[in-house]
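Only one structure is covered here, and it is reproduced in the block below.
The values are calculated or read from the model by the stated rules, or taken from the named source; none is laboratory data. Because the structure is predicted, anything quoted here is derived from the model rather than measured. Cβ atoms come from the backbone with ideal geometry, glycine included; neighbour counts cover every protein chain shown. We work out accessible area using only protein heavy atoms, side chains counted, and drop any ligands, DNA or RNA first. Shrake-Rupley method; radii C 1.70, N 1.55, O 1.52, S 1.80 Å.
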Amino acid sequence: MDSNPYLTGLELVKQHSGTSGQGALAKCILSLYNSRNAFAISDILAPLDERYTRVVIAMVKEYAERGETEELRIAGRYVAEAFPGLIELSNAMAEARDAVRREWDRQREEEAKRLYPDG
């Protein structure tokens, strides 16, 4: 196992094409690499065996301790290029969240105008 969890995860992503573990590791890397491309930790962990779970936990721990590193950027760039479907899916999720937030803001604004017409 590589000493850097992102590079370990990246090597596993490259080795096991088409598996649920590969997809989960790719989601984890993307989630840490760019918050717009975030996936739920339950989606990431659900399909994993013990080995892959250890790698995911190590990546999350590394991120919590050091934030974004060059190794994360290397893994993130690879996954972003190699998994355009995950980028498309995460962008759609982010756009949907943004649309809901805009609607909530619009509703709050309407309510405030109704309650405080002179305000």
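Rundown of residues vs (1) assigned to a helix (DSSP H, G or I); (2) within 24 Å of Val13 (Cα to Cα); (3) in contact with a Gly (Cβ under 9 Å, 6 or more places away or on another chain), yes/no style:
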position: Leu30; (1), (2), (3): yes, yes, yes
position: Pro47; (1), (2), (3): no, yes, yes
position: Val60; (1), (2), (3): yes, yes, no
position: Ala75; (1), (2), (3): yes, yes, yes
position: Glu81; (1), (2), (3): yes, yes, no
position: Leu86; (1), (2), (3): yes, yes, yes
position: Glu103; (1), (2), (3): yes, no, no
position: Lys113; (1), (2), (3): yes, no, yes
position: Pro117; (1), (2), (3): no, no, no
Is it true that Ser35 is free of Cβ contacts under 8 Å to residues at least 60 places away in the same chain and exposed (fewer than 13 other Cβ atoms within 10 Å of the Cβ)? yes
Within segment 38-59, can you find the residues that are over 20 Å from Phe83 (Cα atoms) and open to solvent by 60 Å² or more (accessible area, probe 1.4 Å)? Asp49, Glu50, Arg51, Arg54, Ile57
Residues located in segment 3-37, provided they are closer than 22 Å to Ala92 by Cβ, of a type outside the set (A, V, I, L, M) and within 15 Å of the chain's Cα centre (by Cα): Gln22, Gly23, Lys27, Cys28, Ser31, Tyr33, Asn34, Ser35, Arg36, Asn37
Read through the list (1) out of contact with any helix residue (DSSP H, G or I) (no Cβ under 9 Å at 6 or more places or on another chain); (2) among the acidic types (Asp, Glu); (3) in a helix (DSSP H, G or I), then give the number of the only condition that Glu71 fails. (1)
Give the residues of segment 25-36 that are farther than 17 Å from Thr69 by Cα and either at pLDDT below 95 or in contact with a Lys or Arg (Cβ under 6 Å, 6 or more places away or on another chain) (or both), sorted by residue number. Arg36
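Identify, please: which residue in segment 60-83 is among the β-branched types (Val, Ile, Thr) and under 13 Å from the mean Cα position of the chain (by Cα) and is, among those, surrounded by the most Cβ atoms within 10 Å (Cβ to Cβ)? Can you show your working first?
The initial filter retains those residues of segment 60-83 that are among the β-branched types (Val, Ile, Thr), namely 60, 69, 74, 79.
Adding the requirement that they be under 13 Å from the mean Cα position of the chain (by Cα) leaves 60, 79.
Values: Val60: 16, Val79: 25.
Once the filter is applied, the top-ranked residue is Val79.
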